[in-house]
Amino acid sequence: MFVLNYLILIVFVLISVAFVTLLERSVLGYAQLRKGPNKVGVIGLLQPFSDGLKLFFKEQTFMLKSNYMIYYMTPVFMLLLSFSLWLIYPYFVNVLDFKFGMLYFFCCSGLGVYGTLISGWSSNSKYSFLGGMRAVAQTVSYEVSMSLIVIFYLFMICSYDLKDFCVYQEGIWFIFISLPLFFFWFASCLAETNRSPFDFAEGESELVSGFNIEYSSGGFAFVFLAEYMNIIFMSLITTLIFFGGAVYSLSFYLMTLGFVFLFIWVRGTLPRYRYDKLMYLTWKLFLPVSLNCLLFIVGMVMYLIL
C-alpha cells in the first residue's frame, strides 16, 4: 500500500507540475498585458502536455568535450532527489512513518546543490560552469539561515515529525507568532529554488539559462521537472510550518497553490537582485536575526524544562 500511495502521489505531483507551468505562463502573460498560451485544447489546458511531448521527442545533443556519462546522468539524479523529497509528505496512513522527517528534508535539500554544480561542470562550457558556481554560493549561503529558521520551529514543537506541526497549530498558526521569520523563510525559499529575483544560476541576460544551457530533450525536461517539483514542495512545507497544515482539508491545498502563485507573482514583478546584495542579505540580515530567534527559543525551552 505504501508503494501504491507513493506512486499515486508522484503521478499527481507530475501532473501538477504540468499545470503549474501553464499557470506561470498565463500569470506572466497577464502581468505583461498579453495572453498566455490559450490555443492548444480548451483555454490552453493541453499546452503543457504538448510541450512535454515536444521536449522528449527532440534530439539529445551533447558537447564533444563534455564528461558524457556524468553530464547525461545528472538530470536523472536531480529528478530522483526531487522525488525522494516527497517521501516525507505527511500522510497519516499506509506510509513510511517519518519521525525524523525534517532531518531527512535537510539532507535532501542539501544534496540538491550537487546536481546543479555537477551539471554545470560536466557540460564543459564556461557559461554553464559559471551558473553552477553561482548556484553553489547562493544555495549554501541561504541553507544556513533557512535551517536555523526551521530549527526555531522544531524547538517550539520539540519534534522532527511533520505531522506534529498540524497538532501544535490547532489553536494558533505559527505565522502569527513569528511574522518576520515567515518573510525570511519565503525569501530563502526563492533563493533555494533559484527563482527570481535570485535566479543568478539561470541569468538569462548574461549566461543564457546558466547551468543547464547545454541540455536538450529529456535532460532539459528532467531539470525543469525537478525545479518545479521543488517549488511545489517548498510551498507545501511553508503551509505546513506556518499555517497549521491540516493535510485533509481543502484549505491546505488552496494555501499551497497560493504560495506557488506567490513564486510566480514575484517573478513577474521584481527585477533581478544584485549578486553582492544577495550575499549581504543572508549573512548580514537573515543569519543574525534567525540565530537570535533560535537562541531565544532555546533559552525559553530550557527555562520551562528547568
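Read-outs: derived from the displayed coordinates by stated rules, not from any lab. Remember, it's a predicted structure, so these values are computed and weren't measured experimentally. Virtual Cβ from ideal backbone geometry, glycine too; neighbours counted across all protein chains shown.
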Reach of Lys126 by Cα under 19 Å, taken over lysines that are not fewer than 8 positions away in the same chain: Lys65
Give me the distance between the Cα centres of the stretch 284-306 and the stretch 230-246, rounded to whole Å. 23
Please find the FRET efficiency linking Leu45 to Val289, where r is the Cβ-Cβ separation and R0 is fixed at 41 Å, and quote it to the nearest 0.05. 0.40
What is the packing order of peptides 176-187, 221-232, 56-67, 246-257, taking the mean over residues of other C-beta atoms within 10 Å and listing the highest first? 221-232, 176-187, 246-257, 56-67
Asp276 to Val140: FRET efficiency via 1/(1 + (r/R0)^6), r the Cβ-Cβ distance, R0 22 Å, to the nearest 0.05? 0.85
Measure nothing fancy, just the Cα-based angle from helix 126-157's long axis to the longest principal axis of the chain, in degrees from 0 to 90, nearest 10. 20
Below 8 Å, C-alpha to C-alpha, sequence gap of six or more: please give me the relative contact order for the stretch 59-305 in percent. 28
Which FRET efficiency value, to the nearest 0.05, is calculated for Asn67 and Tyr168 with the Förster distance at 51 angstrom and r the Cβ-Cβ distance? 0.60
Which shape class applies to the stretch 1-55: rounded if a/c is under 1.5, otherwise prolate when a/b exceeds b/c and oblate if not, where a ≥ b ≥ c are the square roots of the Cα gyration tensor eigenvalues? prolate
Rounded to the nearest 10, the angle in degrees between the Cα long axis of helix 217-242 and the longest principal axis of the Cα atoms of the chain comes to 20
How much length would be gained if the chain were fully extended between Ile10 and Leu250, taking 0.36 nm per residue of separation minus their Cα-Cα distance, in nm to one decimal? 84.5 nm
Could you pull out every one of the lysines with an alpha carbon less than 25 Å from that of Lys54, ignoring same-chain neighbours closer than 8 positions? Lys35, Lys39
In nm, the gap between the two label points placed 7 Å beyond Cα toward Cβ at Lys58 and Leu103 is 4.2
Name the lysines eligible as straight-distance cross-link partners of Lys99: C-alpha to C-alpha under 28 Å, and not fewer than 8 places from it in the same chain. Lys163
The chain - charge dipole about Cα centre, Lys and Arg +1 at Cβ, Asp and Glu -1, debye rounded to 20: 620
Which one is right for this structure if Kirkwood radius over Cα pairs in Å is calculated from it: (1) 19.4; (2) 20.5; (3) 24.3? (2)
